[in-house]
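Following: one structure in structure tokens, then a few remarks.
Just so you know, all these numbers are worked out from the coordinates, no wet-lab data involved. Quantities reported herein were computed from a predicted structural model and do not represent experimental measurements. Counting neighbours? That spans all protein chains shown, and the Cβs are built from the backbone with ideal geometry, glycine included.
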Amino acid sequence: MSGEGVTDLVAPVVRLRALTWQVFVPTAVLGMGGGAAAPMYPLRALELGASAGAAGIVVALSGFGLLLADLPAGQLIARVGERRAVAAASVGGAVGVLMAIFAPNLGWLAAGMLLTGAASALWGLARQTYLVAVVPAGDRGRALSLLAGSQRFGVFAGPLIGAAATHAFGVTGAMWLQLAAILVGGTLMMSVSDIEEAEQVRQGLRAVVTENRRVLGTLGLGALATGAARASRVALLPLWAAHIGMSAPAIGLIFGIAGAVDVLLSYPSGIWLDRYGRRATGTPSLLLFALGYTALPLATTAAGLCVIAVILGIANGLSNGLIMTVGSDVAPPSSQAEFLGAWRLTHDLGMFAGPIAVGIIGTAATLGSAGVALGAVATAGAVAIRRWFPGPPLSSGQPAENTGERRHAH
């Protein structure tokens, strides 16, 4: 990406509408594929002879692959650029899905899950760094909320499409749909213009993490708590619904309502981020998570659980794009991609650990105790966000202060 002959022209500002087919649509397509296939991977593991517990572990390896790839993804993007990183992620994701489809045993399926998780980390970081490079800081919240919202819309709509593919072709039908989504989304994203870095002394990953350890250790607490709160609802709500005797269709309906609320808040949350600031968005989001989880033991009917699910859906929608935006705000210009990889790791650690904690606490004590514990984590996250996240909003149209030294027109 960097080299001789690079000019000092800052990368041209791009309107959000111009990024529709290059960033937002491909993200939604990928989300649809992933959302369609996600429920099928546990069933694929069962087909290969796994127990229910082993199937859960195999599927969790996708999240583990995400964690393993967060840090190296930043280094790779810094060296080869977003377009090549997207190409690598698309190839890796496609290979991972094919391994799952044709897996002769659980080992091959596990390897495929790891690879798809790693590809997801690389893809996600490449899209984020590209948006940060071309969008003014004053519009960054809307841009990154649209990015996250596109993903969530795809995940929301994917199971509806995947149901038809599964009906026609069996368990692997939705996986073939995911493979097609990876190829289509990758092709669309490859249409972005090359943006190069200015010549500079590149820091190693360890130096970047060491130099920014205070930011990662303070703001990162808010990111970690947000990740745990987001991911745990997917694990805890169905378990609580089964605990109070709800049927599978009723559980699906409640998730659909909460998912719709989440998606509808995607763009408004971006406007709120840009207008009122990161702290003013993140704090109420985590407090709503805390309210929903703490009140979960009181939900003894389907109607009560629906209220809790909607509260958590509002919290999730309000946090849409928050972590990516804050990371982009505080990333050092000389090592932005590497820092963002470390920053994403703090959030993804929470997403990985949250559902595991639900299982451990739910087994050792009760599901209600798991809800109360998550409420405490979310409250601590709200305190961390209120203490350390950026407060005043950036003015609209202001150039990205941490990208002008890094990005230049090709």
* Starting with the fewest neighbours, write out HIS243, HIS167 ranked by other beta-carbon atoms found within 10 Å of each beta-carbon. => HIS167, HIS243
* Structure fact -> The extension gain from ALA303 to ARG213, computed as 0.36 nm times the residue separation minus the Cα-Cα distance, is 27.9 nm
* Asked: Tell me, what is the FRET efficiency for ARG79 and ILE57 to the nearest 0.05, using R0 = 25 angstrom and their Cβ-Cβ distance as r?
  -> 0.15
* Degrees separating the helix 140-169 axis from the principal Cα axis of the chain, which is the longest one -> 40 degrees
* Taking the Cβ of THR281 as the centre, find all other residues whose Cβ is under 11 Å away and add up their charges (Lys, Arg: +1; Asp, Glu: -1). => +2
* Set the Förster distance to 25 Å, then compute FRET efficiency between TRP21 and TRP108 from the Cβ-Cβ distance, nearest 0.05. => 0.10
* Listed residues ALA337, ALA121, ALA280, most fluctuating in the chain (Gaussian network, C-alpha, under 10 Å) -> ALA280
* Structure fact -> A correct fewest-to-most ranking of ARG83, ARG214, ARG127, ARG275 by other Cβ atoms within 10 Å would be ARG214, ARG275, ARG83, ARG127
* With the convex hull built on the Cα atoms of the range 114-195, state its orientation-averaged projected area in nm². => 6.2 nm²
* Ranked LEU239, LEU76, criterion: other C-beta atoms within 10 Å, fewest first -> LEU239, LEU76
* **the range 94-156: relative contact order in percent, alpha carbon pairs under 8 Å with at least 6 residues between** => 22 percent
* Asked: Can you give the translational diffusion coefficient of the chain in µm²/s, computed by Stokes-Einstein from the Kirkwood radius over Cα pairs at 4 °C and 1.567 mPa s?
  -> 60 µm²/s
* Magnitude of the charge dipole, the chain, Cβ model with Lys/Arg +1 and Asp/Glu -1, debye to 20 -> 580 debye
* Most mobile of ARG387, ARG142, ARG233 per a Gaussian network model of the chain (Cα springs, under 10 Å)? -> ARG387
* To do: Please give the helix 173-189 orientation as an angle from the longest Cα principal axis of the chain, in degrees from 0 to 90, rounded to the nearest 10.
  => 10 degrees
* Gaussian network model of the chain, Cα within-10 Å springs - most flexible of ARG152, ARG344, ARG44 -> ARG44
* Structure fact -> Descending packing, highest mean Cβ count within 10 Å first, for 354-361, 225-232 is 225-232, 354-361
* **Nearest 10 degrees, 0 to 90: helix 302-318 Cα axis against the chain principal axis** => 10 degrees
